[in-house]
Amino acid sequence: QVQLVESGGGLVQPGGSLRLSCAASGSIFSTYTMGWHRQAPGKERELVALITSGSLTRYVESVKGRFTISRDNAKNTVYLQMNSLKPEDTAVYYCNAVLNGIHYWGKGTLVTVSS
């Protein structure tokens, strides 16, 4: 069982920045593929970014050049640095871990981009 706890969401103005964090349980965190997904009101959940155990990264087109996913295996934590935020980035952001084909989810953190 993997437990995930997100933090760092909040209200930010357009053009601003936020950094989300996700702390994971488990002694083999370094082997997890970690991801951030988001779900906006009335929309389906979508993958925003992921990072593999080998630190390869992938991003949805709409956030390329603005968001950066990273991981600190010593702290069992994955981050999502979000810059140049837009109103359309408003969503609940969920941390995701994949281990042996099983997906684990955090409860989510709300990001609101509004003036």
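The values are calculated or read from the model by the stated rules, or taken from the named source; none is laboratory data. None of these values were measured; they are calculated from a predicted model. Positions of Cβ are backbone-derived with ideal geometry, glycine not excepted, and every protein chain shown enters the neighbour counts. In case anyone asks, the SASA skips ligands and DNA or RNA and just uses the protein heavy atoms, side chains included. Shrake-Rupley method; radii C 1.70, N 1.55, O 1.52, S 1.80 Å.
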Return the pairs, sorted by first residue and then second, in which the second residue is assigned to a helix (DSSP H, G or I) and surrounded by 14 or more Cβ atoms within 10 Å (Cβ to Cβ), the first residue lies in the stretch 27-40 and is charged (D, E, K, R), the beta carbons are less than 8 Å apart, and the residues are 6+ apart or on different chains.
-> R38/D89
Can you spot a residue in the stretch 86-97 that is touching a Leu at 6+ places or on another chain (Cβ under 9 Å) and open to solvent by 60 Å² or more (accessible area, probe 1.4 Å)?
-> no
Hey, among the residues in the stretch 19-36 that are open to solvent by less than 30 Å² (accessible area, probe 1.4 Å) and touching a strand residue (DSSP E or B) at 6+ places or on another chain (Cβ under 7 Å), which one's nearest to V63 (Cα to Cα)?
-> W36
Just to be sure, is G16 more than 14 Å from the chain's Cα centre (by Cα) and closer than 17 Å to V113 by Cα?
-> yes
Single condition Q1 does not satisfy, out of (1) assigned to a loop (DSSP other than H, G, I, E, B); (2) farther than 16 Å from N96 by Cα | (2)
Condition test on E6, is it closer than 26 Å to S115 by Cβ and of a type outside the set (F, W, Y)?
-> yes
Is one or more of the residues making up the stretch 55-65 at pLDDT 95 or above, crowded, with 21+ Cβ neighbours inside 10 Å, under 29 Å from Q1 (Cβ atoms) and not hydroxyl-bearing (S, T, Y)?
-> no
Search result, residues across the stretch 64-90 that are at positive phi and without any contact (Cβ under 8 Å) to a residue 60 or more places away in the chain = G65, N76
Condition test on T77, is it hydroxyl-bearing (S, T, Y), modelled with pLDDT of 95 or more and within 21 Å of I102 (Cα to Cα)?
-> yes
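Checking the condition over 17 Å from G35 (Cα atoms) and among the hydroxyl-bearing types (S, T, Y), which residue from S114, S70 passes? Give the steps one after another, and end with the answer.
On the way: S70 fails: over 17 Å from G35 (Cα atoms).
Going through S114, S70 in turn, just one is over 17 Å from G35 (Cα atoms) and among the hydroxyl-bearing types (S, T, Y): S114.
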Residue that is surrounded by the fewest Cβ atoms within 10 Å (Cβ to Cβ), among those in the stretch 37-50 that are modelled with pLDDT of 95 or more and over 15 Å from W105 (Cα atoms) = E44
